[in-house]
Each structure stands twice: as structure tokens, then as C-alpha cells.
Amino acid sequence: MDFNKLVEQLKGYDYKNLYQNDFFLTWDKTQDELHAIWTVADAIRQLREENKSAKIFDSGLGISIFRDNSTRTRFSYASACNLLGLEVADLDEQKSQIAHGETLMETANMLSFMADVIGIRDDKFIGEGHKYQKEFADSVQKGYEEGVLKQRPTVVSLQCDIDHPTQMMADSLHFAHYFGGFENLKGKKIAMSWAYSPSYGKPLSVPQGGVGLWTRLGMDVVLAHPEGYEIMDEVNEVAKKNAEQYGGSYTITNNMEEAFKDADIVIPKSWAPYAFMERRTKLYQQGDFDGIDKLEKELLAENANHKDWTVTEDLMKLTKDGKALYGHPLPADITGVSCKEGEVDESVFNRYRKEMYQEASYKPYIIAAMIFLMKVKNPEAKLQDLYNNAQKRLND
Amino acid sequence: MDFNKLVEQLKGYDYKNLYQNDFFLTWDKTQDELHAIWTVADAIRQLREENKSAKIFDSGLGISIFRDNSTRTRFSYASACNLLGLEVADLDEQKSQIAHGETLMETANMLSFMADVIGIRDDKFIGEGHKYQKEFADSVQKGYEEGVLKQRPTVVSLQCDIDHPTQMMADSLHFAHYFGGFENLKGKKIAMSWAYSPSYGKPLSVPQGGVGLWTRLGMDVVLAHPEGYEIMDEVNEVAKKNAEQYGGSYTITNNMEEAFKDADIVIPKSWAPYAFMERRTKLYQQGDFDGIDKLEKELLAENANHKDWTVTEDLMKLTKDGKALYGHPLPADITGVSCKEGEVDESVFNRYRKEMYQEASYKPYIIAAMIFLMKVKNPEAKLQDLYNNAQKRLND
Amino acid sequence: MDFNKLVEQLKGYDYKNLYQNDFFLTWDKTQDELHAIWTVADAIRQLREENKSAKIFDSGLGISIFRDNSTRTRFSYASACNLLGLEVADLDEQKSQIAHGETLMETANMLSFMADVIGIRDDKFIGEGHKYQKEFADSVQKGYEEGVLKQRPTVVSLQCDIDHPTQMMADSLHFAHYFGGFENLKGKKIAMSWAYSPSYGKPLSVPQGGVGLWTRLGMDVVLAHPEGYEIMDEVNEVAKKNAEQYGGSYTITNNMEEAFKDADIVIPKSWAPYAFMERRTKLYQQGDFDGIDKLEKELLAENANHKDWTVTEDLMKLTKDGKALYGHPLPADITGVSCKEGEVDESVFNRYRKEMYQEASYKPYIIAAMIFLMKVKNPEAKLQDLYNNAQKRLND
């Protein structure tokens, strides 16, 4: 795409409130703000692909706090920070003194004297992750107001218990490019469906983040899951309101075939029932790790009642012309590959593998775009400047 | 402050011996050398706060070796290195081959081919930490003389069993700014007091580092602790000599109230008795981990005999106008917050929270100043150059 | 050395196939390619020693994957990446989601969106390490061809089950400098000998890498080991063919004294028998960790039958003028230092300690040279440019 057009496009959006702000939930942000992020993600990607530097920081730290295992998001964050000139410093809670009863207010301030951005992943316990991220942001805000922190670091959610914004923003940008633009997503049917997994109780943030964002793109969003696998009420409310406001629709069904019928995009993925997540959080708060193990087994037994919730070639045939775009945030439980019976048949997965990898490739740029827009005073001029006075990234 | 005044101030000090040197104990250094570090810390802070780059390294490694958990110091070191252009490479001894009986001479040389600075924290075992740091420095010195290392990396103590120099230097700079200059600290009474903690046997390096440094600032330094919690004899000797030489005083008492009486600054903090630390070191050398656990319990029982050594509002009233500056290197054991009964009442802690966070904020700059003065041939010209030909840190 | 001469020397080699390639085994590469790497290693070393920047990347990631403990190679890789401007991002498999049955194809692509180089150490299991590295490289190649990856990251073996190329290339450069040039290595006798170790079953990649590379330098290579400690057949074949082609010789003996007799260089080092390694791999694949522990004990018992395979002063006297260059990739098992009885007497080790440290000091430059030649389009012009338009590394 023409770089100048991206800059022109950006000028059309009102995104000034992103400056010096945080990113927690996509529904906290306006349409213009989301589109500004997508536009800047495309622009930074073009800089990189044309071997032009996107470095805006001469020095500075990007702190990461991963309260759960992560590969994709960890490397996406590292890539985004590095691309902009920030060095990643990871808080390994096991190697820190946090166990000694330190308050979050204190940790947040102690990490942030030279931090430009803090990326936090905390998705394990319902009612906890988003709360932790907000408290972190409130703490650094207070530190900034008190003069303890001379700059206010931006907090970016790398997944919480409610939303997975960098994933959802990356997926959506992929959909837009796949279908030739965001305007072409209007009226498209997307099925966010539960699928069977034998591995463990997975977060709800993907289905929740999905229905919370795609209902803003004028899409017909269908959420499908077995009874008992409901998502959070508050997110259902968000999705309903979005559908009304932005001219799409939001439907919930307990029938996977119904969801796939004539769908343009299908995202089938396992998650744990909300009630299970609530019980797990309580056991966790009580430090009852035996109880957690027992609960996990109970969950897997419950999951096993729904092995028919799996993506077969037959199921795919129900979709629009039998050719819906299949997607997954990865890693997937592939039947016969990573497990005996799982979320998807190998042949389906393999047919869309390349697309899924490309989907994933947007995440570093989405994170970089968020940081860029939250740190740069005049993003349009800065982008133009990076492009025109191009410093080579690899000076070969 | 006027940046040029800082540079002028620096010109008044004789600090040439810092160049290509190490930093282990504050009492190894002259008054002028310490003041040079404080001045450069202020200067680098100003560069950063005015969004000017302080980068003096185009590439290079800052190695860190943390032989104990750390958050504050870890991020301070990472911040300092990053600010100057060094990338941190952490030696995780668990992931290294050091367990295979490798000598320190070998490890030190193997890490240092491209290391500009080595930060070491080793505070757990009496008689060990400082020795390890010195041996490390001797090893790289030998490697340098033999031509194995083409540059001699600087060793900076990030805490040992004797001193915690970066903490103490940061605290002192905070006191100086709080009271309007180092000259105003003369004659001020500072109480370094033991306080009750239920958590674990904490290092002696903070009280030792405190009395070893503050007695050089012309202050009336009082060390208070229950019987049996004496610090190392050699540090008491240092403090006594300093008091004589620099016109202050050094008193030891077993009475917390006496220490607080009319004090201008109070630093109440738990530490383990020296005798306990010696026994722990022996058990450690014998690999007797059951013995260490047993000893830890014994210590906590002994600590519990001194629960009245805690900072209450009533105690604070005894201080100068009831308004002494309360400080703590953090994290503190706050009664009713991080433990049932601890070092300090919540209301006292909270009233000084902001001050303590600001105290902590000096540490990255102290470390950066140490590296700067140990690596830069002409610090005055270089500072002036960084200020005048300012490269923006965040090129926004 | 004169920098311009190094550049001239480089012009004489045909090394264009290194560009955008990988490095797995030295015997995959032509003589010219190896010499190009040695020349560039010397050139980058000179840049660094003259305080000139060798930074060719403005930003970018050097991924590392260490599937075994490492100090030397880890810091060498970190040094090389940093020197060229890349930030190291380490894949800690314990903190990743790889355990969840993710395919290597997926992991490889997910890590590589912004990776310029991937360094992999995987030396533990016979038949696995090299295979893993190749699969990794094939995966990113496929990702590149599919358009998932916009740049194709270079894979550098940091040791596999077959070869340890960065170690061997560094050792050989050290030998060349020690004897005054590669041409002087022709006809020199080098003994790669097994030696007794009580510690654990060590990889075969060092002896294998040694005989595979030194037979290309026109040297008389003798491999010595007790019966049962044979190396892989395929590597013996490589060494035999090399000896024929490049005018040296390759001999295998079960007599350590014979190997040392009149040798110019001796590299005595423990390794595990191939058959043992094969059994270990099988047990590992079966997840039989008790079996692995048992096998390890069996191996140490077998090793103990060969305690006479140790480097004494008497043995050294057999070498050329009693003054052969003794070398070891480190860390060594030194009798009376790191173990009761080990690979080498303390007096021998100490006499050559400095030389071994210098040997080790080449590894960062070898890695940097590999990356440089695999990433830079016109290495000769770029080196000249870095030298002439010298940006200071430490801007002091």
C-alpha cells in the first residue's frame, strides 16, 4: 500500500485520547481509535518491510509481566519493543521480592522509574487479571501525579481474564486484509465457537474479546458453545449493544452446525466454563492446589462430554461456499497431531495453516502501533519523517 | 538545577581514581569521589528528565549476577545500563555450567570478553559476598593484564554482606535534596534502628552501609538494636573513625526510644544477628539445608522477643518536632498490611510512602553515575556535550 | 594486523553462498567460506579493539534456544548479537506453551516474525540435535517462501549432537594465531584425545567437530580413546575423506601416549560412548528418567575404568619438545581442583590457562562473523565503511 495514503487515512481519525493512555479492553476505545491503531500497524509494517527503521526511542525499557506461560505474545511484545527502540526487562516474579507481601502500588512504582511501557498478561483467574492491570495503571498514575515517576508508563494488556485485545486486533486486521478492507467485513458472518480440547481449562478472553470487537465491525457474530460454557454476562451485554449501535448482529447458540452455516469466518477454540473459572479462582485464593488439580480433572471430564464439538471437513462444508476462513489464535489441539481427539481435523488445520501464521504476524505490529500512538505527540508527522528520512534497519 | 552548575561543581572534585576502577564499599572512596558520583547522578537525571539521551555506549554488555532475589536493584541496574547504551545479560547460575566445579577466575573471564560492567549482588552469607566480588574483580584484572580481556570491566557491588553502596548513596542523595543540600545534613541526627520482622533473616548490609556512610556527612549517627543484634566489628570501627574525622558522632544504643529522640531522620529496619549469619554461613558451606531451616525458625523466635521494636505514631512523636523523615530501603513489613505485626505502623508508612518512592528513584542514577565515571575519560566535557548536542531520548 | 589487508584477503575468497544461508556443520561449507569467516572474525575483533562500532542492525532480534545449560556459548552469542546491534530474546521452553504439543513448524514461525538470526544449542541426544536444527531451518524457509516471514532468519548451530562449529572455528583461529597463520598448521600433529571425567556423560560434538575440521587444515589428526568410546561412523568418514583431499592424515588409536607422541597440539577431553548416547536417547524418548539416571551411573562406572587417561606432566613430555599447545573447550575437570581425579593435572592446566582463555575469546567473533556474512550483501565494502567512518563504540 502507498505509505502516504496510510498517513492520510490516519489524519481522518480522532485518536488524540490515545496519547499517554493505556490499553485494556477494545470496548474502552472509540472506532476512530481502533482504526488509528490498525492504520499505524500497517504503516510500521511497511517501514519494516522496506528496511526502514521505526525506532523512536534512543533508550528506554519495556517491562513485561507474564503471570502465565506465553510464547507468541512474549515474542510479539519483545519484537514490538525492539522495533521502536525499547529494551525488554521481564519481571520474573519468582526471582523478585514480591512474595514478601509487597503491595502492587509499590511494585508498580519501583519498576517504572525508567519504563516507557508495561505489558501485562494475567489471564488465569476470573475477576483478577483486568483488576490487576487497572490497579497497576492506577498505581503508576498516582506515582506520576506525586512526582515519583517523571514519565507515566503506558500499560498494555497482553491478555486479561476479560479480553485479549492485541490478539483480537491482530486477527481483525488479518480479516480486513483477507477480505480487502474493513468495509468488506460488514455483513459477514463470523462464528466464534467452542471446540473440544483434552488439554486444560483455557481462558475465556479469546471468545469474549472476539464477540466484543467483531460486533463493532458490522459483522453478524454468532457465539456457539455447549450449555454450561457461557461467557461473562457483562461481555454479552457489550456485544449486544455493539451489534445495535454498529449495524451488525449478535446471536448465541448451543449448536455448532448452526453457527457454521453460511459463515464467512469460523474461529473454533476451547475454553473453560465460567463457573469453573470462578471456582478455580476461589481455590486459588485459598491456596488449595489439590482442589485446583481435582477441579481440572472434573473440567476435562466435562469437556469430554462434548467431543463432537470439533471441526471436521464435513462441518466446514456447511460454511459459505464451503470456504469459510478458518482461524485460531494458536496453538491449536489438532486431532491426531497434538492430541488424539481435539479442536480440529488435521486436513482443515493444514489448509489454513499459512493464513493462521499470517494472522499471528500482525500481533507485533498491533502492539507497536499501540505504543507508538500512546507515546508520540504527532504520529502523522513522525511516521512521514521515519519514511522519508529513512534510516536503514539492516545497514547492509 | 542549572546543568552548567552541576558540571562546574564536578570540576571542583578530584575523582580521577574512579576511572577504570570498581565500586565495593563507600569507605574505599574519598569524599570527593562520592560527591562526584552524586553530582553526576543529578546531571544524568536532568538529562533524562529533559528528554536528552545519556547514551555513551553504541553497544556493549552490562552483566548482572544476582545471587539472591531482587526486584528494585535488578530494575535499577537494568535502567542504568539501558540509559547509557548497555544491554543487560544476566548470568542465571542455574542455567549455567558453573555447578560443574568451574573456578571463579574462569567464570569471570568467560563472561567478560565484551562486558563493560559487571553488577553483582551477593548478600546472603557473612564473610562471602564481598570476598566473591573482590575475587571477581581480581580475576578480570588478571585477565586484562594477561591480554585475555581487551577492556577491563568495572565491577559494581549491588549489595554484599558488608555494604549496600548503591542503596546508601541513593538514600543519602535523597536526604540531601530533602534538606536542601549535603551541607545541611551536618549536625542532623539520624537513627539507624533495628525493627521487628516476622519474615526472614535479613542482611546486615543496610545498617552497616548506613553507619559507614552517614558518619562521613558530619551527621550524628545513632545505631539502635536489641542486645545480640550487633553489626560487624570492622564496620563499627569504620563508623567511629569517620565520626572523628568528619566532625559528626557515632553512638550505639539498645534503646529504640533513645535513638528516635530528636532525630531528624529515622531508618528502622530488621536485620539478623551477626552470630546467626555466621552460623548460617557455616551450615551453608556444609550443605546442611535442614540446619538452615531450623536456624531460620530459631531466629524468628528470637526476633519475636522484640516485637516492641516497631515504629508507632507515639514513637514518631519523640523525633524532632515529631516530624523526622522516616525512610526504608523497601519492601517494608507493614503491620496489618504485609504481616500481622511488623516494622512499622501503616499510618506512619503511608505518610512517608511518597518520600520513600522518591528515595528509591535515585538508585538507577547512582548506578549510572558510577558506570559513567568509571568509563568516561573526560566526564565534564562529555556531560556538557550530551547536554548541548542533545539527542532526544524519545524522538516524539 | 592491517585492517585493509584483512579486507583484501576477504576479496580473495568465494563466499557468496553464505549470504542468507545457515551454519550447521563445518563440512557443509567450502574452504573459502570457512576462511572468509575467520577473516571477518579478525576484522570485527579489530574494529572492537580499536573502539569502532560494528553495528549493522539498527534494531532486530537474535533468538536463542538453549536446550542444555550453557555459560560460555550463551554469553558468546549475546556478545556477538549485541556487537552487531541485535537484541537477544531467549526462548525459555519452560515458560513457553511448547509443552502443549505445538509443532516445530509453528514454533519456528511464531518466533521469527522479527528474528534476524536464531542460535540453537541442542547437544544432548544423539540423532536429535542436528535434526532439530535442520527442521527449524526448513520451517522458517517454508515460512519465508509462503510469505509468512518477510525476512528469512539465519539459523546458527551453537552445538548439536554431531558438531560444535562455533567452538571448533574459534579453536582453529586460535591455533592459527598461535602458530603464525593457517598455512603453518599444515603438517602439524594434533591429538584429539578422550580423558577421564567423573562428572557426567559429555557430548561427542567436540571430538567429532575437531576431527571433521582439523583434517581440512592439512594437519595430522589423531583421535585417541579407550575401546567403546568410538565417535559416529559418519564423522569418521568425513575426517578420512578430508585427510585425503586436503593433504593431511587421520588416525584412530586406543593409546593416549601414542597420540601425544610428538604432537604439536593436544585437546584431551571426556565424552560419553556413542552406544551410551544412543541408549540415553531411547530412554529419553520413552520418558524413562529413572532409566537415564541408572544409565548415567553405569557410564561413570565405565569411565572409572579409564582413570589413566589423564593429562600428567609426564604425558606432556612426550609431545613435540615437551611443549605442545594444550587446549580444552572448558570447563575442564581438573584433578584436585574441580574433582579428585579428572582430565588434567593442575600444573598442566594452569600453564595453559591464559592460552585457553584466549582460545575462548574468539567465539563471540566467530559467531558475529557468521551472522555478518549471512546478512550483509557486500561484506567487503561494509567492513571498509565501518572502519573508515568509524563510529565510536564507547563514546568517551
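Observations on the model:
Conditions tested, residue by residue: (1) at pLDDT below 95; (2) more than 29 Å from A:Leu86 (Cβ to Cβ).
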| position | (1), (2) |
| --- | --- |
| B:Val311 | no, yes |
| B:Met316 | no, yes |
| B:Thr319 | no, yes |
| B:Asn350 | no, yes |
| B:Lys363 | no, no |
| B:Ile367 | no, no |
| B:Val376 | no, no |
| B:Asp385 | no, no |
| B:Asn389 | yes, no |
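- Set side by side, the residues B:Pro364, B:Pro379 differ, and just one is open to solvent by less than 30 Å² (accessible area, probe 1.4 Å) and either basic (Lys, Arg) or within 14 Å of chain A (Cβ to nearest Cβ) (or both), which is B:Pro364.
- When restricted to residues that are under 17 Å from B:Pro329 (Cα atoms) and not hydrophobic (A, V, I, L, M, F, W, C), the range B:185-197 contains 3.
- Answer residue from the range C:316-337, given it is β-branched (Val, Ile, Thr) and more than 14 Å from C:Ala191 (Cα to Cα) and is least open to solvent (accessible area, probe 1.4 Å) among those: C:Ile334
Residues are listed down the side, and each one gets a yes or a no for (1) part of a helix (DSSP H, G or I); (2) among the acidic types (Asp, Glu):
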| residue | (1), (2) |
| --- | --- |
| C:Ala275 | yes, no |
| C:Gly287 | no, no |
| C:Lys294 | yes, no |
| C:Ala304 | yes, no |
| C:Asp308 | no, yes |
| C:Met316 | yes, no |
| C:Asp321 | yes, yes |
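- Condition met for A:Gly291 (over 26 Å from the mean Cα position of the chain (by Cα) and open to solvent by less than 80 Å² (accessible area, probe 1.4 Å)): yes
- Summed over the range A:19-40, residues that are open to solvent by less than 10 Å² (accessible area, probe 1.4 Å) and either under 22 Å from A:Tyr387 (Cα atoms) or among the small types (Gly, Ala, Ser) (or both) total 5.
- The number of residues in the range B:192-205 that are out of contact with any Ser or Thr (no Cβ under 8 Å at 6 or more places or on another chain) and either under 23 Å from B:Gln46 (Cα atoms) or open to solvent by less than 10 Å² (accessible area, probe 1.4 Å) (or both) comes to 5.
- Qualifying residue in the range A:119-129 (condition: in contact with a helix residue (DSSP H, G or I) (Cβ under 7 Å, 6 or more places away or on another chain), of a type in the set (D, E, K, R), open to solvent by 10 Å² or more (accessible area, probe 1.4 Å) and at pLDDT 95 or above): yes
- C:Asn305 being under 27 Å from the mean Cα position of the chain (by Cα) and surrounded by fewer than 16 Cβ atoms within 10 Å (Cβ to Cβ): no
- Residue-level check: of (1) within 29 Å of B:Asp116 (Cβ to Cβ); (2) under 28 Å from the mean Cα position of the chain (by Cα); (3) at pLDDT below 95, C:Asn395 misses just (2).
- Among strands (runs of 3 or more DSSP E) entirely within the range C:115-228, having at least 2 residues that are without any contact (Cβ under 8 Å) to a residue 12 or more places away in the chain and in contact with a Lys or Arg (Cβ under 9 Å, 6 or more places away or on another chain) singles out no element at all.
- If you go through the range A:132-146 and keep only what is of a type in the set (Gly, Ala, Ser) and either at pLDDT below 95 or touching a Phe, Trp or Tyr at 6+ places or on another chain (Cβ under 9 Å) (or both), you end up with A:Ala137, A:Gly143.
- Residue ID - farthest from C:Glu128 (Cα to Cα), chosen from residues in the range C:85-111 that are part of a loop (DSSP other than H, G, I, E, B) and either more than 10 Å from chain A (Cβ to nearest Cβ) or modelled with pLDDT of 95 or more (or both): C:Gly85
- Among (1) among the small types (Gly, Ala, Ser); (2) more than 28 Å from B:Glu237 (Cβ to Cβ); (3) touching an Asp or Glu at 6+ places or on another chain (Cβ under 9 Å); (4) away from chain C (no Cβ under 14 Å), the one test that B:Ser139 misses: (4)
- Residue in the range C:340-349 that is in contact with a helix residue (DSSP H, G or I) (Cβ under 7 Å, 6 or more places away or on another chain), under 30 Å from B:Gln384 (Cβ atoms) and more than 12 Å from chain B (Cβ to nearest Cβ) present: no
- The range B:170-191, residues that are more than 18 Å from B:Gln358 (Cα to Cα) and open to solvent by 10 Å² or more (accessible area, probe 1.4 Å): B:Glu183, B:Asn184, B:Lys186, B:Gly187, B:Lys188, B:Lys189
- Condition met for A:Thr253 (under 15 Å from A:Tyr196 (Cβ atoms) and either at pLDDT below 90 or under 26 Å from the mean Cα position of the chain (by Cα) (or both)): no
- Pairs with Cβ under 8 Å, 6+ apart, first in the range B:311-337 and free of Cβ contacts under 8 Å to residues at least 40 places away in the same chain, second in a strand (DSSP E or B): B:Ile334/B:Val344; B:Thr335/B:Val344
- The number of residues in the range B:341-354 that are open to solvent by 40 Å² or more (accessible area, probe 1.4 Å) and part of a helix (DSSP H, G or I) comes to 5.
- Verdict on A:Val266 being within 25 Å of A:Gly201 (Cβ to Cβ), surrounded by 17 or more Cβ atoms within 10 Å (Cβ to Cβ) and out of contact with any strand residue (DSSP E or B) (no Cβ under 6 Å at 6 or more places or on another chain): no
- Within the range C:136-169, the set of residues being on the phi > 0 side of the Ramachandran plot and crowded, with 24+ Cβ neighbours inside 10 Å comprises just one member, C:Gln159.
- Breaking point among (1) modelled with pLDDT under 95; (2) in contact with a helix residue (DSSP H, G or I) (Cβ under 7 Å, 6 or more places away or on another chain), for B:Val40: (1)
- Condition check for B:Asn254 on (1) surrounded by fewer than 17 Cβ atoms within 10 Å (Cβ to Cβ); (2) more than 12 Å from B:Pro226 (Cα to Cα): one failure, at (2).
- Residue in the range B:47-56 that is open to solvent by less than 10 Å² (accessible area, probe 1.4 Å), touching a residue at least 60 places away in the same chain (Cβ under 8 Å) and farther than 29 Å from C:Pro364 by Cβ present: yes
- Qualifying position, being within 22 Å of B:Leu300 (Cβ to Cβ) and either more than 10 Å from every other protein chain (Cβ to nearest Cβ) or assigned to a loop (DSSP other than H, G, I, E, B) (or both), among B:Ala332, B:Ala390: B:Ala332
- Unique residue being away from chain A (no Cβ under 14 Å), at negative phi, free of Cβ contacts under 8 Å to residues at least 24 places away in the same chain and open to solvent by 10 Å² or more (accessible area, probe 1.4 Å) when the list is C:Asn69, C:Asn82: C:Asn69
The values are calculated or read from the model by the stated rules, or taken from the named source; none is laboratory data. Only a predicted model underlies this, so the values are computations on that prediction, with no experimental measurement involved. Cβ atoms come from the backbone with ideal geometry, glycine included; neighbour counts cover every protein chain shown. Surface accessibility is based on the protein's heavy atoms, side chains included, excluding ligands, DNA and RNA. Shrake-Rupley method; radii C 1.70, N 1.55, O 1.52, S 1.80 Å.
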